[in-house]
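Everything below concerns the one structure shown next.
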Amino acid sequence: MPRSPWALRAYLTLAAVLAPVWRRGLERRLRRGKETPRSVRQKLGSEYAERPPGNMVWGHAVGVGEAMALAGLFARLAPLRPDCHFLITTTARTSGDALKRTGLPPRCQHQFAPVDTPDAVSRFLDHWRPSLALWCEMDLWPALIAGTDARGIPRVLVNARLSPESLAKRRWGRWLYRALLPGFKDVFAQNEASAQGLVALGAPRERITVTGTIKSLVPPLGCDADELGAWREALGVRPVWLLASSHPGEEALALQAHARLRERHPDALLLIAPRAPARGAEVAALAQQAPLRSAGIPLATQAPVYVADSIGEMGLWYRLAPIALVGGSFAPVGGHNPHEPLALGCAVLHGPNVWNFSESYERLDALGHSRPVPDADAVVRAVSAVWTQPHARDTAARSDPQAEVVISRVLGLLPA
């Protein structure tokens, strides 16, 4: 497997020695409320759900977006391979919670990934016996990858992305990457720069395909039907728009645009969902003490602005607003996922800083599914256009032809 086996052997030896440190760390996190007894048991390899018979496709992700992308991929694979079952592992509780809220695909389970020690990894792989392993983005744990290799489990890396900054940080572990990356049967990079970065870390160029992001496959975010009904009844015909996943500075721009919009639409409502819910009070103060979701104010009533500082409710806000300005695109953040609002038929606006999803936005802008807005005046024009023209909630923009390449190649690696 590895071109530099000494690095991997050294890592696995150290990981075995540090197993008690992992356990103590999880126990501390449990006391602080960052873990549950169940998540600790799963991470240490002492509790598993029953494994169903047949082929098992396992995918690992770290963040919410990556976990949802895997869920979307497995939802597409499920009807094509009715003999297969699916497992998604995550390391963060938020990712697992998001999967449960949205709903897992058919024949799919979620559990927490094992800590990266040889014993925990062995227990995990001996129980689940995956036929195929997928890593989403770059959360690569050496013991877990080495364990799949020892069992002859084919591996695929999907949605891989490396910025210049992340590549520079990973170069310290280049000997490990040179041991691990050549073992992947296929590597799907989001862009050419990521592909070149993966080659620099040791991935064979002939196995890399640039496919863009598979986050276009995310299933529609869920929401509470009773909440949605209550909001729609309370809002009636009020025109609504959304600032989604906002960062500092972006709320001021949206509030400036909203003041202009209210000159023609006095009953207009701006929903602001800050990326960090802890900023709710700060955002409310900018909006002249707008009502806060976290303060127990369930509905916007007649307020011109409502701060949706909650977790896991973006499916509700995207359903209420026909158009959203997706944040992180004016702040120097690189933009956030446009496919989540598009999956629910919500039109998308964005600022100039979208390098995290540059290929997606380029394609979506060309198709007219998203629209760049350089300033508050452009936001006013775009929102007004949606409010004054009939808006069909078109979800066709959620699909991406490039993602079909990933689906096809993954299917080819599954046993018959």
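Checking the conditions here, which among T117, T102 is in contact with a Leu (Cβ under 8 Å, 6 or more places away or on another chain) and farther than 30 Å from E340 by Cα?
Details: T102 fails: farther than 30 Å from E340 by Cα.
Just a single option satisfies the conditions, and that option is T117.
Could you please let me know if E165 is at pLDDT 95 or above, of a type in the set (D, E) and farther than 23 Å from D116 by Cα?
Numbers: at pLDDT 95 or above: no; of a type in the set (D, E): yes; farther than 23 Å from D116 by Cα: yes.
The answer is no for E165.
Can you pull out every residue in region 183-227 that is touching a residue at least 60 places away in the same chain (Cβ under 8 Å), over 17 Å from the mean Cα position of the chain (by Cα) and not in a loop (DSSP other than H, G, I, E, B)?
Hits for region 183-227 are G183, D186, T209, E227.
Filter region 44-61 for residues that are surrounded by 19 or more Cβ atoms within 10 Å (Cβ to Cβ) and of a type outside the set (G, A, S); which is nearest to C136 (Cα to Cα)?
Among those residues, the one meeting the criterion is H60.
May I ask you to say which residue of R81, R101 is at pLDDT 95 or above and either assigned to a loop (DSSP other than H, G, I, E, B) or basic (K, R) (or both)? Spell out the reasoning first.
Numbers: R101 fails: at pLDDT 95 or above.
Unique residue meeting the criteria: R81.
So which residues in region 1-38 are closer than 19 Å to T94 by Cβ and open to solvent by less than 70 Å² (accessible area, probe 1.4 Å)?
G25, L26, L30, G33, E35, T36
Out of the residues in region 233-258 meeting the condition of being touching a residue at least 60 places away in the same chain (Cβ under 8 Å), over 23 Å from G334 (Cβ atoms) and of a type in the set (A, V, I, L, M, F, W, C), tell me which one is surrounded by the fewest Cβ atoms within 10 Å (Cβ to Cβ).
By that ranking, first place goes to A234.
Does region 178-190 contain at least one residue that is open to solvent by 60 Å² or more (accessible area, probe 1.4 Å) and either touching a Ser or Thr at 6+ places or on another chain (Cβ under 6 Å) or of a type outside the set (K, R) (or both)? Lay out the reasoning, then the answer.
Step one: filter region 178-190 for residues open to solvent by 60 Å² or more (accessible area, probe 1.4 Å), giving 178, 185.
Next, only the ones that are either touching a Ser or Thr at 6+ places or on another chain (Cβ under 6 Å) or of a type outside the set (K, R) (or both) stay: 178.
Yes - at least one qualifying residue is present in region 178-190.
Just to be sure before I move on: is P130 touching a residue at least 60 places away in the same chain (Cβ under 8 Å), part of a loop (DSSP other than H, G, I, E, B) and farther than 20 Å from S39 by Cα in the structure I sent? Outline the logic, then answer.
Values: touching a residue at least 60 places away in the same chain (Cβ under 8 Å): yes; part of a loop (DSSP other than H, G, I, E, B): yes; farther than 20 Å from S39 by Cα: yes.
Criteria met by P130.
Consider region 159-173. How many of its residues are within 22 Å of P5 (Cα to Cα) and surrounded by 16 or more Cβ atoms within 10 Å (Cβ to Cβ)? Full working, then the answer.
Taking region 159-173 first, the residues within 22 Å of P5 (Cα to Cα) are 167, 169-173.
From what is left, the residues that are surrounded by 16 or more Cβ atoms within 10 Å (Cβ to Cβ) are 167, 170, 173.
Final tally of qualifying residues: 3.
When you go through L344, L261 one by one, which is the residue that is touching a residue at least 12 places away in the same chain (Cβ under 8 Å), among the aliphatic types (A, V, I, L, M) and open to solvent by less than 10 Å² (accessible area, probe 1.4 Å)? Full working, then the answer.
Numbers: L344 fails: open to solvent by less than 10 Å² (accessible area, probe 1.4 Å).
The unique qualifying residue is L261.
I'm checking my understanding of the structure. Among residues of region 90-133 that are of a type in the set (D, E) and surrounded by fewer than 21 Cβ atoms within 10 Å (Cβ to Cβ), which one is nearest to the chain's Cα centre (by Cα)? Step through it out loud before you land on a result.
Going residue by residue through region 90-133, those that are of a type in the set (D, E) are 97, 116, 119, 126.
Still in the running and surrounded by fewer than 21 Cβ atoms within 10 Å (Cβ to Cβ): 97, 119, 126.
Details: D97: 12, D119: 29, D126: 28 Å.
If we take residues in region 90-133 being of a type in the set (D, E) and surrounded by fewer than 21 Cβ atoms within 10 Å (Cβ to Cβ), then D97 is nearest to the chain's Cα centre (by Cα).
For region 306-314, check the following and say yes or no: at least one residue is polar (S, T, N, Q) and either open to solvent by 50 Å² or more (accessible area, probe 1.4 Å) or in a strand (DSSP E or B) (or both).
Step one: of region 306-314, the residues polar (S, T, N, Q) are 310.
Of the ones still in play, those that are also either open to solvent by 50 Å² or more (accessible area, probe 1.4 Å) or in a strand (DSSP E or B) (or both) are none.
Scanning region 306-314, I find no residue that is polar (S, T, N, Q) and either open to solvent by 50 Å² or more (accessible area, probe 1.4 Å) or in a strand (DSSP E or B) (or both), so the answer is no.
Examine region 47-58 for a residue that is within 24 Å of the chain's Cα centre (by Cα) and more than 19 Å from D116 (Cα to Cα), and state whether such a residue exists. Steps first, please.
Within region 47-58, the subset within 24 Å of the chain's Cα centre (by Cα) is 56-58.
From what's left, more than 19 Å from D116 (Cα to Cα): 56-57.
Yes - at least one qualifying residue is present in region 47-58.
How many residues are touching a helix residue (DSSP H, G or I) at 6+ places or on another chain (Cβ under 8 Å) and charged (D, E, K, R) if we restrict to region 102-150?
Selection size over region 102-150: 5.
Please give the number of the condition D83 fails out of (1) surrounded by fewer than 23 Cβ atoms within 10 Å (Cβ to Cβ); (2) of a type in the set (D, E); (3) under 23 Å from R38 (Cα atoms).
(3)
May I ask you to say which residue of E50, E35, E27 is free of Cβ contacts under 8 Å to residues at least 60 places away in the same chain, of a type outside the set (A, V, I, L, M, F, W, C) and not in a loop (DSSP other than H, G, I, E, B)?
On the way: E50 fails: not in a loop (DSSP other than H, G, I, E, B); E35 fails: not in a loop (DSSP other than H, G, I, E, B).
Among E50, E35, E27, only E27 is free of Cβ contacts under 8 Å to residues at least 60 places away in the same chain, of a type outside the set (A, V, I, L, M, F, W, C) and not in a loop (DSSP other than H, G, I, E, B).
So for region 144-159 (the condition being among the hydrophobic types (A, V, I, L, M, F, W, C), in contact with a His (Cβ under 8 Å, 6 or more places away or on another chain) and at negative phi), does at least one residue qualify? It would help to see each step written out before you state the result.
Here is the first cut: in region 144-159, the residues among the hydrophobic types (A, V, I, L, M, F, W, C) are 144-146, 150, 153, 156-158.
Add one more test, that the residue is in contact with a His (Cβ under 8 Å, 6 or more places away or on another chain), and what stays is 144.
Checking the rest, the ones that are also at negative phi come to 144.
Yes: one or more hits.
Can you name the condition, by its number, that R41 falls short on among (1) in a loop (DSSP other than H, G, I, E, B); (2) surrounded by fewer than 20 Cβ atoms within 10 Å (Cβ to Cβ)?
(1)
One residue is enough: does region 276-285 have a residue meeting the conditions of a type in the set (A, V, I, L, M), farther than 29 Å from K215 by Cα and either open to solvent by 20 Å² or more (accessible area, probe 1.4 Å) or touching a residue at least 40 places away in the same chain (Cβ under 8 Å) (or both)?
The initial filter retains those residues of region 276-285 that are of a type in the set (A, V, I, L, M), namely 276, 278, 281, 283-285.
Next, only the ones that are farther than 29 Å from K215 by Cα stay: 281, 284-285.
Among the residues that remain, those that are also either open to solvent by 20 Å² or more (accessible area, probe 1.4 Å) or touching a residue at least 40 places away in the same chain (Cβ under 8 Å) (or both) are: 281, 285.
Looking through region 276-285, at least one residue is of a type in the set (A, V, I, L, M), farther than 29 Å from K215 by Cα and either open to solvent by 20 Å² or more (accessible area, probe 1.4 Å) or touching a residue at least 40 places away in the same chain (Cβ under 8 Å) (or both).
Can you tell me which residue among A254, A273, A259 is closer than 29 Å to S194 by Cβ and either modelled with pLDDT of 95 or more or in a loop (DSSP other than H, G, I, E, B) (or both)?
Just one listed residue meets the conditions, A273.
Which count do you get for residues in region 83-112 that are of a type outside the set (F, W, Y), touching a residue at least 60 places away in the same chain (Cβ under 8 Å) and within 15 Å of R51 (Cα to Cα)? Lay out the reasoning, then the answer.
Of region 83-112, the ones of a type outside the set (F, W, Y) are 83-85, 87-111.
Okay, now just the ones that are also touching a residue at least 60 places away in the same chain (Cβ under 8 Å), so 84, 94, 97-98, 101-103, 105, 109, 111.
Filter once more, keeping what is within 15 Å of R51 (Cα to Cα): 84, 109, 111.
Of the residues in that region, 3 qualify.
The values are calculated or read from the model by the stated rules, or taken from the named source; none is laboratory data. Note that the coordinates shown come from a computational prediction; the quantities given were computed from them, not determined experimentally. Ideal geometry is used to build each Cβ from the backbone, glycine not excepted, and the neighbour counts take in all protein chains shown. SASA here: full protein model, heavy atoms, side chains in, ligands and nucleic acids out. Shrake-Rupley method; radii C 1.70, N 1.55, O 1.52, S 1.80 Å.
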